[in-house]
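Below is one structure, written out as structure tokens; the observations come after it.
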Amino acid sequence: MTTKYAFWVISTLFAATAVTSAQEQAVPYLRSKQRLTILSANDGQVHLPIGPDAKKVTQDSITVIHLGPDHPPIVKTVYGTVPNTIAGPPYMAMTGDGRYGFVTSHKIKQEPDAPEIISVIDLASPDLKVVQTVKLPDPRMAVMHPDGKRLLIPYDTGIRVFEMRAGKLVLVKDNPTEFRLLGIDISPRGDRVVGNGIKKGGKLAVHVLSYRDGEITYLNEVQTKPGHDWDGPFACRFTHDGRRIIIPNGWHNGSRGNLAPVFIADLGPGSATVTDVIPQVADGIEGVAVHPSGKFAVLSCLDDSPRLVHQAYSHLAVIDLTSKPARLLYHLDVESLPEGMEFSPDGSQLFVGLTYAHRIAVYDVDGFRLKRNPFVLRVGHGPCSMAIGPRFVK
């Protein structure tokens, strides 16, 4: 083969590949830059059937979505295998390699017969097989340690630490607490845990604990500014540098008739203190997603519930973490109700579960701006919590 002919063949192949790539990019579907797995837990109890099925209760379900740069979303929903409850912080967990996901279920007023268990799901199996269930009184949520192997579960009287070994959860240590934790988060370094809880007598507070090799030790209570008391702190999250805690304050129920603030606490060597207060953010704040850049965070604002009013309105609120003090930038209108919410690891997309719309909305990130993608991800009825991670490859 002559050099001239070889060059012509190579050029032709490159041109054909470029044309194929351009044609594929012209095909409309939702893409992600990274190969991702999204796990959505869906509480069928929130769905209200009509017509002849009005008295029928929709089954709980899980939806697993695989996204990538070169294929349409691969979506599978399985009903009736994984019980879950909408009450609690809308954060879930999966192992660091994206192989296993964890969903908690506990009794609430609307679902007094719900089992109190943790379900372990093989996210790589074709049928999303439940490989293990673990009984635990009132498990509120699941948080994965940054090591991607150890799982923290706050429950009725403490925090249990488990480890995945050969595809099974194994208890590492039970850490009792003197108060009931309703939700927790773990710092990016994995050395601190923050949780909102109720002490004896009903006192609400936010607590900081240390973590080391499965052992959790109490450190201190987050101190507030004078005139700014706790009014239902909920779904706290660390910033990505681990130095601050974002704390929605005002429970997570919408339609209360007042606008709750957001507190931001700084972690010092021996204390944690609220330094910033962003007032009047929303009527009920459900969760927080912190952008990987650390520059801003998004809050899911419940506001009015369609169970209480004829037409419901919810919002997303974007707060600036680079300014001193932190400040509210803007609200975005969104379908009801925004619950589980996570950024892609590279920060290019935001995924928002919409409970009463039965779908996940997708936003493309441009600096501090969120731009709604025209495509949505259809999930089971009543998405209430979410986890995101890499796509597992055997």
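Brief remarks follow.
- Overall size of the chain from C-alpha positions, given as principal axis extents largest first: 86, 54, 49 Å.
- Annotation: amide H-H contacts under 5 Å for residue 172 (H modelled 1.01 Å from N, sequence separation of 5 or more, or interchain): 161, 162, 163.
- Distance distribution P(r), region 189-339, all Cα-Cα pairs, bin width 10 angstrom from 0: 11, 40, 34, 13, 2, 0 percent.
- Of the residues 322, 157, 355, the one with the fewest other Cβ atoms within 10 Å heads the list, and the complete ranking is 322, 157, 355.
- Taking a straight Cα-Cα cut-off under 13 Å and skipping sequence neighbours fewer than 8 places away in the same chain, the aspartates and glutamates within cross-link reach of residue 371 are 333.
- Most mobile of 299, 151, 332 in a GNM of the chain (Cα contacts under 10 Å): 332
- Linear extension gain, residue 34 paired with residue 393, 0.36 nm per residue minus alpha-carbon span: 127.9 nm
- Sorted by Cβ neighbour density within 10 Å, fewest at the top, the residues 215, 111: 215, 111
- Cα long-axis angle, helix 3-26 against the chain (0 to 90 degrees, to the nearest 10): 40 degrees
- Counting other Cβ atoms within 10 Å as a rough exposure proxy, the listed residues 71, 240, 106 run 71, 240, 106 from fewest neighbours to most.
- Think of each Lys and Arg Cβ as +1 and each Asp and Glu Cβ as -1; about the Cα centre, that makes the dipole of the chain roughly 620 debye.
- Ordering 359-369, 50-60, 30-40 by mean Cβ neighbour count within 10 Å, with the highest value first, yields 30-40, 359-369, 50-60.
Read-outs: derived from the displayed coordinates by stated rules, not from any lab. Computed from a predicted structure; not experimentally measured. Glycine gets a Cβ as well: all are built from the backbone with ideal geometry, and neighbour counts include every protein chain shown.
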